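The values are calculated or read from the model by the stated rules, or taken from the named source; none is laboratory data. Please read these numbers as outputs of a predicted model, since none were measured by experiment. Reconstructed Cβ throughout: ideal geometry from the backbone, glycine too, with neighbour counts over all protein chains shown.
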Amino acid sequence: AARRDPINNIMFYDEQKEAEQREDILLTELRLAILRGEIDIFYQPKVSFETLEVHKVEALARWNSAKLGFVSPGEFIPLAERHGLIMQLTEYVVQQSCEQLVLWKEEKHSVNQIAINLSPTHFQIPDSNKRLIEIIRAHSINPSQIEFEITETSMMQSIERAEKSLDELRSIGFSIALDDFGTGLSSLTYLQRLPINTLKIDKSFIDSLLDCEKDAAIVKLIIDFAKTINMETVCEGVETLEQAILLQKMGCQYAQGYYYQKPVPANDITSSFECSNDM
Ligand code: C2E
Ligand code: CA
Ligand code: CA
Ligand code: CA
């Protein structure tokens, strides 16, 4: 039972113990799930505002545990990070994504690029790039078919290390996206120093787009700025037609969000959306 000191917000001993027990069980199950390949990769379209076609998707890990039921990435990703499992998970996502790209190519499917999330600790892990590059080289795909999504948090530890690592990935031909853009603190420094292709404007700005003029102005500013420095923009968390219309008017290139499609298994990806909205 959840019991908390109402004034000091301190966890009681038994509550803390319960949390630790859940973490232990989750961890044991997660280790097994990764080993046995029980993590599913879902994909979510990044819809081109120009053509409403889908050539790019983001890979998102899903864990439906036989023992624990559905566990959200918001819970198991940080757990994997805390316990040294994240690299194994990233390698697994890269492996699955490569296989999927090969399948889509055989099917002449419209999707030809998958974005993969890198953990904020990626740059601290020895040989992390090398391990990913080896997997990708084992498949007949072009590095430009993979985009790595990173967040500003991953640069905080050491921008030098992040820069070196990203330069290496870019030089091989991978694409780099800065995720959750606008929520960090020193974004402009990162943009200046790092080899970034794509800015993903954070959902929080899209949420308030229609009822906060300030946020709308920030989104417009980011889109215009990105264009000037030759970066692409993706707006995440697009949930309504009204948001989509406004973002398209502002000149954003891609939309990602439930309005178009939630993350789904590879076979359920919609390749092209109808122009249902006088856009
Ligand atoms: P993220 O990278 O910012 O991913 C976007 C999240 O927003 C996803 O949540 C996606 O399902 C959700 N989303 C997309 N469109 C909408 C929308 O219109 N409305 C709402 N409410 N949500 C939307 P998800 O899949 O639960 O993932 C949460 C976070 O977990 C991700 O945030 C990412 O940081 C992390 N994550 C997921 N899969 C992986 C992975 O394979 N590796 C790593 N390192 N992190 C992952
Ligand atoms: Ca992401
Ligand atoms: Ca994001
Ligand atoms: Ca986010």
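Below are the figures for this structure:
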| quantity | calculated |
| --- | --- |
| Top-ranked residue of the stretch 197-220 - restricted to ones that are modelled with pLDDT of 95 or more and among the aliphatic types (A, V, I, L, M), ranked as surrounded by the fewest Cβ atoms within 10 Å (Cβ to Cβ) | A217 |
| Residue list for the stretch 63-84, filter: surrounded by 16 or more Cβ atoms within 10 Å (Cβ to Cβ) and either assigned to a strand (DSSP E or B) or of a type in the set (S, T, N, Q) (or both) | W63, S65, V71 |
| Subset tally (residues that are part of a strand (DSSP E or B) and within 14 Å of ligand 3 (Cβ to nearest atom)) for the stretch 229-263 | 7 |
| Residue count, the stretch 128-152 (criterion: part of a strand (DSSP E or B) and of a type outside the set (D, E)) | 3 |
| Any hit, the stretch 163-174, residues being of a type in the set (V, I, T) and more than 16 Å from ligand 4 (Cβ to nearest atom) | yes |
| From the options I114, I25, residue that is in contact with a strand residue (DSSP E or B) (Cβ under 6 Å, 6 or more places away or on another chain), more than 16 Å from ligand 4 (Cβ to nearest atom) and in contact (Cβ under 8 Å) with a residue 24 or more places away in the chain | I114 |
| Residue in the stretch 46-58 that is under 17 Å from R31 (Cβ atoms), touching a strand residue (DSSP E or B) at 6+ places or on another chain (Cβ under 8 Å) and of a type outside the set (D, E, K, R) present | no |
| Hey, D224 among the charged types (D, E, K, R) and within 16 Å of ligand 4 (Cβ to nearest atom) or not | no |
| Candidate set from the stretch 1-41 (those that are touching a Lys or Arg at 6+ places or on another chain (Cβ under 9 Å) and within 21 Å of A59 (Cβ to Cβ)); member that is surrounded by the fewest Cβ atoms within 10 Å (Cβ to Cβ) | D40 |
| Boolean, S97 is closer than 22 Å to G173 by Cα, part of a loop (DSSP other than H, G, I, E, B) and of a type in the set (S, T, N, Q) | no |
| Every pair of residues 6+ apart whose Cβ atoms lie under 7 Å, when the first sits in the stretch 63-91 and is free of Cβ contacts under 8 Å to residues at least 24 places away in the same chain while the second is surrounded by fewer than 16 Cβ atoms within 10 Å (Cβ to Cβ) | F70/N64 |
| Close pairs (7 angstrom Cβ cut-off, 6 or more residues apart or separate chains): at positive phi and without any contact (Cβ under 8 Å) to a residue 24 or more places away in the chain in the stretch 238-251, loosely packed, with under 14 Cβ neighbours inside 10 Å and not in a helix (DSSP H, G or I) anywhere | none |
| Among the candidates A177, A162, A226, residue that is within 21 Å of the chain's Cα centre (by Cα), within 16 Å of ligand 3 (Cβ to nearest atom) and part of a helix (DSSP H, G or I) | A226 |
| Where K200 falls short, out of the listed (1) outside any strand (DSSP E or B); (2) within 19 Å of I116 (Cα to Cα); (3) within 14 Å of ligand 1 (Cβ to nearest atom) | (1) |
| Selected residue (only one of E29, E50 is in a helix (DSSP H, G or I) and out of contact with any Phe, Trp or Tyr (no Cβ under 8 Å at 6 or more places or on another chain)) | E29 |
| Residue in the stretch 127-179 that is farthest from ligand 1 (Cβ to nearest atom), counting only those that are free of Cβ contacts under 8 Å to residues at least 40 places away in the same chain, among the charged types (D, E, K, R) and crowded, with 17+ Cβ neighbours inside 10 Å | R170 |
